[in-house]
Amino acid sequence: SWIHNLPPSIVVGIANVDRERDMTFPTTVAEDQEKLPTNGRSADFIRFLEEEVQALVENRYSLQEGERTLIGQSLGGLVSTEILFKKPEMFDHYIIISPSLWWDAGSLLDTEPETGSSPKSVYIGVGKEGKVMEEGAASLHRKLEGKYGDPVRLYFEYFPNRDHADALHEAVSDAFEKIYTK
């Protein structure tokens, strides 16, 4: 079974008091500003992940090189996509579920990912969540198909029997199976 191929893991969960602030970049879209008024500080959150969280974990624990995985869903999927585009070297595997790519009128999909380094794998999953969410995830997959070739493994999965509330669990299991099947 693929589960025996999972490397020993350290799971880091980050409690968050204001996900709208931490997981969104600044927007000029008035409706977004009204809907999520504390938005726009993802750069600070990304810096915190890189300079404090990753540094703490790497200094405290013996880690297997090349197996850092980021999992994000909804706004977490948005910031995960932002990290993938701007600092792909931060993680080796990206599991992006139901990303809120509608944010700022979809502007993140209009940007080009950094070209310096590539992750080992990117998994994108989305449930039956409506046109905006489903098209955003599919557009991200298409964009990355044109960007990454071998050796990056790119996966896309649509879960028609899942929605925004429950796609995460099945998608993460599916992602691990795809990433770690040898």
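The values are calculated or read from the model by the stated rules, or taken from the named source; none is laboratory data. In this text, all values refer to a predicted model and were calculated from it rather than measured experimentally. Every residue, glycine among them, receives a Cβ derived from its backbone with ideal geometry; neighbour counts consider all protein chains shown.
Tabulated data
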{"quantity": "Lone qualifier among 78, 101 - being of a type outside the set (Lys, Arg), touching a Phe, Trp or Tyr at 6+ places or on another chain (Cβ under 9 Å) and at pLDDT 95 or above", "calculated": "78"}
{"quantity": "Residues within region 140-169 that are under 21 Å from residue 3 (Cβ atoms) and free of Cβ contacts under 8 Å to residues at least 12 places away in the same chain, tallied", "calculated": "1"}
{"quantity": "Residue match in region 128-151 (condition: more than 28 Å from residue 35 (Cα to Cα), acidic (Asp, Glu) and over 15 Å from the mean Cα position of the chain (by Cα))", "calculated": "yes"}
{"quantity": "Residue count for region 13-36, restricted to those that are outside any helix (DSSP H, G or I) and either surrounded by 13 or more Cβ atoms within 10 Å (Cβ to Cβ) or at pLDDT 95 or above (or both)", "calculated": "9"}
{"quantity": "Spans of helices (runs of 4 or more DSSP H) in region 68-168 with at least 2 residues at negative phi and surrounded by fewer than 20 Cβ atoms within 10 Å (Cβ to Cβ)", "calculated": "75-86, 131-147"}
